Amino acid sequence: MGVGLRLARRKTGREPKEESRSLSPALQRASREALGFQVVGSAGAQPGAWEGRGARAGDWRQGQPGPQPEERRGSGMHPWAAAYLWVLPSQKPEARAPQHAPFSVVVAIDFGTTSSGYAFSFASDPEAIHMMRKWEGGDPGVAHQKTPTCLLLTPDGAFHSFGYTARDYYHDLDPEEARDWLYFEKFKMKIHSATDLTLKTQLEAVNGKKMPALEVFAHALRFFKEHALQELREQCPSLPEKDTVRWVLTVPAIWKQPAKQFMREAAYLAGLVSREDAEQLLIALEPEAASVYCRKLRLHQLLDLSSRAPGSGRLGERRSIDSSFRQAREQLRRSRHSRTFLVESGVGELWAEMQAGDRYVVADCGGGTVDLTVHQLEQPHGTLKELYKASGGPYGAVGVDLAFEQLLGRIFGEDFITTFKRQRPAAWVDLTIAFEARKRTAGPHRAGALNISLPFSFIDFYRKQRGHNVETALRRSSVNFVKWSSQGMLRMSCEAMNELFQPTVSGIIQHIEALLARPEVQGVKLLFLVGGFAESAVLQHAVQTALGARGLRVVVPHDVGLTILKGAVLFGQAPGVVRVRRSPLTYGVGVLNRFVAGRHPPEKLLVRDGRRWCTDVFERFVAAEQSVALGEEVRRSYCPARPGQRRVLINLYCCAAEDARFITDPGVRKCGALSLELEPSDGASPGRREIRAAMQFGDTEIKVTAVDVSTNRSVRAAIDFLSN
């Protein structure tokens, strides 16, 4: 509805409220000649609005102009001129099949908070998912299909190692030398928790030194790229490297657009793909990937918690399937030397029992977050429809680690723990590794205490700092469920260990129960528990106890920690499997609209040349919780304000509410900018130049394409969510 004109509504399935009447063609032409739009931020104007101005600079304005932006200098245009909306005939939303570049192999990287890994499959044999090779380091004799998300950089910031190698090398450094090395662990959560994420956001290493987060993530992704390509070359020497790999990166579904864009920017910096070949990289939502993988599972590959005998930790009898095909595949999967996992060409038995319209929940319980999504099965092609926007929160396994750190603070003093972490960073890592090993053995029916080794450096440092030993500290503390072992260990009762889980586990259950209470998800009978934290017997027991009484069937896939990784490979083969998603937020732009007395607030009135305009109107593209089909486009057309303009910059706004009217309403905020880069006009086409932009909100990322209508040439278009 820019320039007081009703904008064509190419979106959504919902009829928007009418804000004004269409103007006559003559008045449309006069309005286009008289007014232009300036996007806020492009010339230092009042934050958050489009500015209408007269044809002569300085005639009238809303806010004070600032410095002329660099991209406008030398373009032959006034500093206040940017773009205005061009009126098009109303059309229905169009859904186009997404175009993806050809590929020979899919490589998926599951970049987790606590552990990471990769897997791949060839387009010629998509049913065979090849897991990454055994990682160096770790416990001897144990096959590690994922590696800790640990990055080690040299004192000058150069890459040294990742995963077990980084952890073990850092462990072996002299304590004084370790202070200068940059060791990062569990840093993925920083991206989720950052409220003002930008390309300049910093991450803090264990020793307190900071480094740009983008470089940290790029180092890690570059490591996986080189590791995966080396293995591909060994398996298929004739495979050309360029343009043959489709990369897939997993992110939590609750991540907002800036975090998703940040991962893509890190992938560009790491050299996974170039900006020109952006379609070679897919962003996969973790619970969606798990959902895609669970479709392929057979019954013997699932652990049904509802079949456990009451009060025991053992499985009851499960259905036995006498299939030579199954046995052959299972033998291959269990081979010590095989890293190939074969999936069904169709769907697994559990899915075969489901009918069109059946609903289920996927609870992805990872290291940093719990991610919940609700899917409905569509027939006849078995595609999936999201019923409710992704939800969850910071209730991952690291919450248990934080509870342990708080427990240590109660015993030895928070100031001491802070000092120890800063001055003995490598020893602190040793302590967290020791706790992690014991945490994995915790269970609701375990009898007997758990011993946690304290590094000698901790014991010695405490005695020097406090003047007495750790045994004395334990006796003096108010914590009576942790004792000192004569073997130099903390001895913790099972009840005490389970208590460390309770805040995190309770948060997960509360989120699931709140989701199940939503009217949109009524009728759900099945819940898939996936993610690394889902391996915990404490979590499994708590979820089954809380939700089993509701008649909900709780199912855990075998190799649950690899569910998302394998599903990401399958998603890379067929990105269209999730056909409909829910928009998590309302998105739109700020425009001028024809002022209607009684409908618009008086303070929004703007009068120019006898015409009455309403400022700051929120022109909605898509509403929160609205169903948007994959490939469905929201179209808008824009016209440069002056000939020779090389760039159109349009601010985007978002909010959680569906009914926001103005960009100044509470909760509405600027979240990004739509940028259109224009080639010089050849002057062959007289009249105004029309740029038609098409935005897609139904994919895992918000995407935009644009075309110059007069020449039918593509225009470089992008949405930047990190510019704030």
Self-check item: Number of positions in segment 352-369 that are under 16 Å from the mean Cα position of the chain (by Cα) and more than 11 Å from L384 (Cβ to Cβ)
Solution: 7
Quiz item: Does at least one position in segment 346-360 carry a residue that is of a type outside the set (D, E, K, R), modelled with pLDDT of 90 or more and closer than 18 Å to A290 by Cα?
Solution: yes
Quiz item: Counting only residues that are without any contact (Cβ under 8 Å) to a residue 12 or more places away in the chain and out of contact with any helix residue (DSSP H, G or I) (no Cβ under 7 Å at 6 or more places or on another chain), which one in segment 402-412 is most open to solvent (accessible area, probe 1.4 Å)?
Solution: Q406
Exercise. Would you please name the residue that is most open to solvent (accessible area, probe 1.4 Å), looking only at residues in segment 367-401 that are over 30 Å from G576 (Cα atoms) and touching a Pro at 6+ places or on another chain (Cβ under 9 Å)?
Key: G399
Quiz item: Any idea which of (1) under 26 Å from the mean Cα position of the chain (by Cα); (2) of a type outside the set (S, T, Y); (3) open to solvent by 70 Å² or more (accessible area, probe 1.4 Å) is the one A194 doesn't satisfy?
Solution: (3)
Quiz prompt | Index of the failed condition, R491 passing every other in (1) touching a residue at least 40 places away in the same chain (Cβ under 8 Å); (2) closer than 12 Å to F412 by Cα; (3) basic (K, R) | solution = (2)
Self-check item: Unmet criterion (only one of (1) open to solvent by 20 Å² or more (accessible area, probe 1.4 Å); (2) in contact with a Cys (Cβ under 8 Å, 6 or more places away or on another chain)) for I719
Solution: (2)
Quiz item: Can you name every residue in segment 200-224 that is in contact with a Phe, Trp or Tyr (Cβ under 8 Å, 6 or more places away or on another chain) and within 18 Å of G117 (Cα to Cα)?
Solution: V216, F217, H219, A220, L221, R222, F223, F224
Quiz item: Within segment 426-447, can one find any residue that is open to solvent by 50 Å² or more (accessible area, probe 1.4 Å), within 20 Å of F184 (Cβ to Cβ) and among the hydrophobic types (A, V, I, L, M, F, W, C)?
Solution: yes
Self-check item: Unmet criterion (only one of (1) farther than 24 Å from P394 by Cα; (2) surrounded by fewer than 17 Cβ atoms within 10 Å (Cβ to Cβ)) for K209
Solution: (2)
Quiz item: When residues of segment 579-611 are filtered for being in contact with a helix residue (DSSP H, G or I) (Cβ under 8 Å, 6 or more places away or on another chain) and either in a strand (DSSP E or B) or surrounded by fewer than 17 Cβ atoms within 10 Å (Cβ to Cβ) (or both), how many remain?
Solution: 7
Practice problem: Could you give me the residue pairs with C-beta distances under 7 Å whose first residue belongs to segment 191-216 and is within 16 Å of G157 (Cβ to Cβ), whose second residue is open to solvent by 30 Å² or more (accessible area, probe 1.4 Å) and of a type in the set (K, R) wherever it lies, and which are 6+ apart or on separate chains? | Solution: Q202/K210; L203/K190; L203/K210; E204/K210; N207/R179; G208/R422; P212/K200; A213/K190
Quiz item: So which residues in segment 550-578 are under 29 Å from A517 (Cα atoms), polar (S, T, N, Q) and open to solvent by 10 Å² or more (accessible area, probe 1.4 Å), if there are any at all?
Solution: none
Exercise. Name the one entry in L232, L203, L214, L199 that is open to solvent by 40 Å² or more (accessible area, probe 1.4 Å), aliphatic (A, V, I, L, M) and either out of contact with any Cys (no Cβ under 8 Å at 6 or more places or on another chain) or modelled with pLDDT of 95 or more (or both).
Key: L199
Exercise. Select from segment 152-184 the residues that are hydroxyl-bearing (S, T, Y) and part of a strand (DSSP E or B) and write down the one among them that is surrounded by the most Cβ atoms within 10 Å (Cβ to Cβ).
Key: Y183
Self-check item: Failed condition for G467, given (1) open to solvent by 30 Å² or more (accessible area, probe 1.4 Å); (2) modelled with pLDDT under 90
Solution: (2)
Quiz item: Does segment 534-549 include one or more residues that are open to solvent by 20 Å² or more (accessible area, probe 1.4 Å), in a helix (DSSP H, G or I), at pLDDT below 90 and among the polar types (S, T, N, Q)?
Solution: no
Quiz item: For E701, are the conditions met, namely being in contact with a strand residue (DSSP E or B) (Cβ under 7 Å, 6 or more places away or on another chain) and either assigned to a loop (DSSP other than H, G, I, E, B) or open to solvent by 10 Å² or more (accessible area, probe 1.4 Å) (or both)?
Solution: yes
Exercise. Being in a loop (DSSP other than H, G, I, E, B), β-branched (V, I, T) and within 17 Å of P557 (Cβ to Cβ) is the filter here, so list the residues in segment 265-295 that pass it.
Key: none
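The values are calculated or read from the model by the stated rules, or taken from the named source; none is laboratory data. Quick caveat: nothing in here was measured; it's all calculated off a predicted structure. No Cβ is skipped: glycine too gets one built from the backbone with ideal geometry, and neighbour counts run over all protein chains shown. Note: accessible area is taken over every heavy atom of the protein model, side chains too, but ligands, DNA and RNA are not part of it. Shrake-Rupley method; radii C 1.70, N 1.55, O 1.52, S 1.80 Å.
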